[in-house]
Amino acid sequence: MYRILAEHHVQFDVLREDLVDPERLRRYAAVVLPDPRLSVGTDRPVLTTGATGADVDAHVQGAYFAIRPDDRPDDRKQLTGLDNLDLVYLYGRFAPYEGEGEGFLAYIPPHMFGPPEKCYHTEVSDTPGLVRTPSGDVVIPWNVGTHYQSYAYDGHARLVMAALRDLLGLKPRLTTDAPATVEVVARDNPGAGALLVSLVNLTGQSGTAFHAPVPVRDIRVALTTDHTPLRAHALRAGVDIPLSAHDGTLSLTLPELALFETVVVEYRE
């Protein structure tokens with residue numbers, strides 16, 4: 001889940017379970033739980049992933065989730081960003097959700113596993129692979145984060161982002177055209193009257209090896225803020241960055257990113 005959020009430039013914190021309380025969670029737009037055995041008290045929408053329970057199949061191979069026509073956008077605005085995606089595979093644990101709610105995706109039970117010209121599915125069940133509960137929360141009753149960590153299949157990441165965006169109503173504070181291999185993090189530094197936008201170029205990472213990064217140029221960043229920005233300055237490059245502000249959104253373009261950079265956006269208190 002960490003990789004999915006970071007690669008899609010979603011701004012997030014990772015909190016220890018013993019430090020979580022309703023008041024602290026009120027600062028966030030949504031809460032992601034990577035295990036259904038975790039329970040937190042919050043009035044924020046919650047996305048829960050993972051499969052547990054005595055009836056869980058320890059390992060499913062040759063199973064899939066079909067993306068049905070009803071799952072795609074129409075006048076109800078369901079799951080977006082799934083164009084050209086008909087199936088996502090399940091290669092792990094799955095525990096059908098037993099509560100009430102609106103189901104998405106259709107579970108395809110295990111079939112013969114092998115080349116597509118010889119092995120294909122003939123049965124699609126009514127068991128959903130993603131559920132929006134009556135309270136508005138979302139449950140993905142399988143380990144979608146583990147799938148992405150192991151195989152980095154884009155379809156799994158697109159499902160998570162669709163759940164956050166379309167079902168939980170997540171509105172990103174930061175948008176950028178930076179590639180997934182560039183991490184972008186924005187945070188307030190109110191004592192100094194500034195916003196900090198930090199970028200890390202991971203193009204040189206290959207597994208456990210780190211090589212010289214490939215420079216990324218002309219990275220555009222837009223950030224919503226209640227402040228009036230005055231000046232943007234790139235610390236490592238030592239130069240000012242042109243910025244603009246309109247309707248509560250500031251925009252800037254970093255000319256070049258080598259390994260890392262932090263842009264300080266000063267604002268009027």
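The values are calculated or read from the model by the stated rules, or taken from the named source; none is laboratory data. None of these values were measured; they are calculated from a predicted model. Glycine also receives a Cβ, built like all others from the backbone with ideal geometry; neighbour counts cover every protein chain displayed. For the accessible areas, the whole protein counts, side chains as well, though only heavy atoms, and no ligand, DNA or RNA atoms are used. Shrake-Rupley method; radii C 1.70, N 1.55, O 1.52, S 1.80 Å.
Listing for the model above:
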quantity: Per residue solvent-accessible surface (Å²) - the chain, probe of 1.4 Å; calculated: 55
quantity: Semi-axes of the equivalent ellipsoid for region 1-130, Cα gyration tensor, largest first, Å; calculated: 30, 19, 15
quantity: For region 31-39, Karplus couplings with θ = phi - 60° (6.51, -1.76, 1.60), whole Hz, Gly/Pro x; calculated: 10, 10, 10, x, 8, x, 7, 7, 9
quantity: Computed Kirkwood radius, in angstrom, where 1/r is averaged over Cα pairs of region 156-269; calculated: 15.3
quantity: Loop-exposed trypsin sites (Lys or Arg not before Pro) per DSSP, neighbour cap 12 Cβ within 10 angstrom, longest uninterrupted part of the chain; calculated: 119-269
quantity: Distance between modelled label sites at Glu123 and Leu19, nm, 7 Å Cα→Cβ extension; calculated: 4.8
quantity: Spin-label pair His246/Ala29, simplified geometry with 7 Å Cα→Cβ offset, distance in nm; calculated: 2.1
quantity: Projected label distance in nm at Gln11 and Arg37, using a 7 Å step from Cα toward the beta-carbon; calculated: 3.4
quantity: Fraction of alpha-carbon pairs over 26 Å apart in the chain - percent; calculated: 51
quantity: Extension gain, Arg220 back to Glu256 (0.36 nm per residue minus Cα-Cα distance, nm); calculated: 11.9 nm
quantity: Amide H contacts under 5 Å for Leu130, placed H, 5+ residues apart; calculated: Phe104
quantity: Helix-only mean residue ellipticity at 222 nm for the chain, each DSSP H run of n ≥ 4 adding -39500 (n - 2.57), per residue, nearest 500; calculated: -2500 deg cm²/dmol
quantity: Net length gained if the chain between Ala95 and Gln205 were fully extended (0.36 nm per residue, minus Cα distance); calculated: 36.1 nm
quantity: Solvent-accessible area, 1.4 Å probe, carbon plus sulfur percent, for region 156-269; calculated: 55
